[in-house]
């Protein structure tokens, strides 16, 4: 360890907590509040993890199994969360960037509980799915009489140019 350069020795103590996830939302984003009263926008993000199972004896190939993982994501930046809420709907494909946060508490029965979530710093909406809305019939717009676009020209200060005058 003494043979390492000084920069490498300093870097040994550096850690990072960066999470980047891409997936589809399992439901519309919802406003929630923590036990301390702090509001946040919460949504569940589904990602696919490929898991290889044992090789098949007949053809010698290993088969791939898709496993869906669900991640709770929270946005605490209220102005940003308010702007993003309309885009975070069920089925939308997004990429989130943030950090993992772990919470520990004791429930009412005295059991120790813990949870891990992604505290989101950035969201990129790749594909926005709009929820189905009922179509309401609206009356046809009234017909507007056509107005001629050009009327009699008048002369401007420059004698060589003509200017159209509206009626």
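Pairing each residue of the stretch 81-100 that is touching a residue at least 60 places away in the same chain (Cβ under 8 Å) and on the phi < 0 side of the Ramachandran plot with any residue that is surrounded by 20 or more Cβ atoms within 10 Å (Cβ to Cβ) and part of a loop (DSSP other than H, G, I, E, B), provided the two are 6+ apart or on different chains, yields C-beta distances under 6 Å for 88/29.
Quick check on my filter: what residues within the stretch 33-45 are assigned to a strand (DSSP E or B) and without any contact (Cβ under 8 Å) to a residue 12 or more places away in the chain? Once the filter is applied, which keeps residues that are assigned to a strand (DSSP E or B) and without any contact (Cβ under 8 Å) to a residue 12 or more places away in the chain, the stretch 33-45 yields only 33. Out of 53, 48, one residue alone is free of Cβ contacts under 8 Å to residues at least 24 places away in the same chain, in contact with a strand residue (DSSP E or B) (Cβ under 8 Å, 6 or more places away or on another chain) and either over 22 Å from residue 119 (Cβ atoms) or buried (at least 16 other Cβ atoms within 10 Å of the Cβ) (or both). It is 53.
Each reported figure results from applying straightforward, stated rules to the coordinates on display, with no laboratory input. All of these numbers come straight from a predicted model, not from anything done at the bench. Every residue, glycine as well, gets a Cβ built from its backbone with ideal geometry; the counts of neighbours run over all protein chains shown.
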